[in-house]
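The values are calculated or read from the model by the stated rules, or taken from the named source; none is laboratory data. Note that this is a predicted model, so its numbers are computed, not measured. We place every Cβ from the backbone using ideal geometry, glycine too, and count neighbours over all the protein chains shown. All accessible areas refer to the heavy atoms of the entire protein, side chains included, with ligands and DNA or RNA removed. Shrake-Rupley method; radii C 1.70, N 1.55, O 1.52, S 1.80 Å.
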Amino acid sequence: MSKMKSGAAEALHGVLRDGMTLAVGGFGLSGIPADLIEAVRDSGVKDLTVVSNNMGVDGKGLGILIEAGQVRKVIASYVGENRLFAEQYLAGVLEVEFTPQGTLAERLRAGGAGIPAFYTKTGVGTLVAEGKPHEVFDGETYVRERAIRADVALVHAHTADTDGNLIYRHTARNFNPVVATAGAVTVAEAEVIVEPGALDPNHIVTPGVYVQHLVHASNRVKDIEQRTFRPRAEQTSPELVNN
């Protein structure tokens, strides 16, 4: 059966349901599966638990699911630049489970690897560790963290073949590889899609065995969460250098 779908809506048809857990790749607005996120919004599903590093920004990325009132709980490492997310969290509208960034990545990786839980020193002695089992190894205290296994994972890749093998580009690699393995069903969007055998196996990051559905990502402007500039170094004239 072909993994290729005509668009995001078709790829998610029959996959989404109310109350499900959705893991989404990306970091802020970098490497997010924007087409798939919009298809989730348009589907109208609600009471979602969303697992992602953060929830994008107001009106963009996962922020559109917050605005549509489709999210019940968020598992993330920080609130980020999303003002509405912060407001709903502080108002008690959204349930939020904060997880240290590295721990979140490892929880997703463990979920994809079939590891139910692991121990880490990160968070010991803080609110993050409250109510969780602790264990002492070699004289050091560790907290136990549960793996994350999502009902559906959404990822964005730069290049894919029609078998679902994925390659990511630069910063967009971020959380996408661990999210891709953590879903019971993984749906990927890719900017470039080639025929099987066209990709160098040494360059493939996510093997196609993890991907059930694949769509061609639309050609859209890639938003930048924050623009940071530095002044150009002043050019010294040759005359001054020679003198």
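In this structure, Gly114 does not qualify as on the phi > 0 side of the Ramachandran plot, open to solvent by 30 Å² or more (accessible area, probe 1.4 Å), of a type in the set (Gly, Ala, Ser) and touching a residue at least 24 places away in the same chain (Cβ under 8 Å). Taking the criterion of being assigned to a strand (DSSP E or B) and open to solvent by 80 Å² or more (accessible area, probe 1.4 Å), the residues of region 117-134 that qualify are Tyr119, His134. State whether the residues of region 118-125 include one that is touching a residue at least 12 places away in the same chain (Cβ under 8 Å), closer than 17 Å to Gly25 by Cα and among the hydroxyl-bearing types (Ser, Thr, Tyr). Scanning region 118-125 turns up no residue that is touching a residue at least 12 places away in the same chain (Cβ under 8 Å), closer than 17 Å to Gly25 by Cα and among the hydroxyl-bearing types (Ser, Thr, Tyr). Is one or more of the residues making up region 219-231 in a helix (DSSP H, G or I) and open to solvent by 80 Å² or more (accessible area, probe 1.4 Å)? The answer is no, given that none of the residues of region 219-231 is in a helix (DSSP H, G or I) and open to solvent by 80 Å² or more (accessible area, probe 1.4 Å).
Of all residues in region 185-216, those being of a type in the set (Val, Ile, Thr) and in contact with a Pro (Cβ under 6 Å, 6 or more places away or on another chain) number 2. Within region 197-206, if we keep just the residues that are touching a strand residue (DSSP E or B) at 6+ places or on another chain (Cβ under 8 Å) and modelled with pLDDT of 95 or more, the residue that is most open to solvent (accessible area, probe 1.4 Å) turns out to be His203. When the residues of region 1-51 are filtered to those that are within 22 Å of Thr159 (Cα to Cα) and polar (S, T, N, Q), the one that is least open to solvent (accessible area, probe 1.4 Å) is Ser30. For region 68-87, filtered to residues that are farther than 26 Å from Arg220 by Cα and open to solvent by 40 Å² or more (accessible area, probe 1.4 Å), the residue that is modelled with the lowest pLDDT is Tyr78. For region 100-111, a residue qualifies if it is open to solvent by less than 30 Å² (accessible area, probe 1.4 Å) and in contact with a Ser or Thr (Cβ under 6 Å, 6 or more places away or on another chain), and the qualifying residues are Thr103, Leu104.
Collect the residues in region 47-67 that are at pLDDT below 95 and part of a strand (DSSP E or B), keeping them in residue-number order. Residues satisfying the conditions are Val57, Lys60. Within region 136-176, can you find the residues that are acidic (Asp, Glu) and under 30 Å from Glu195 (Cα atoms)? Once the filter is applied, which keeps residues that are acidic (Asp, Glu) and under 30 Å from Glu195 (Cα atoms), region 136-176 yields Asp151, Asp161, Asp163.
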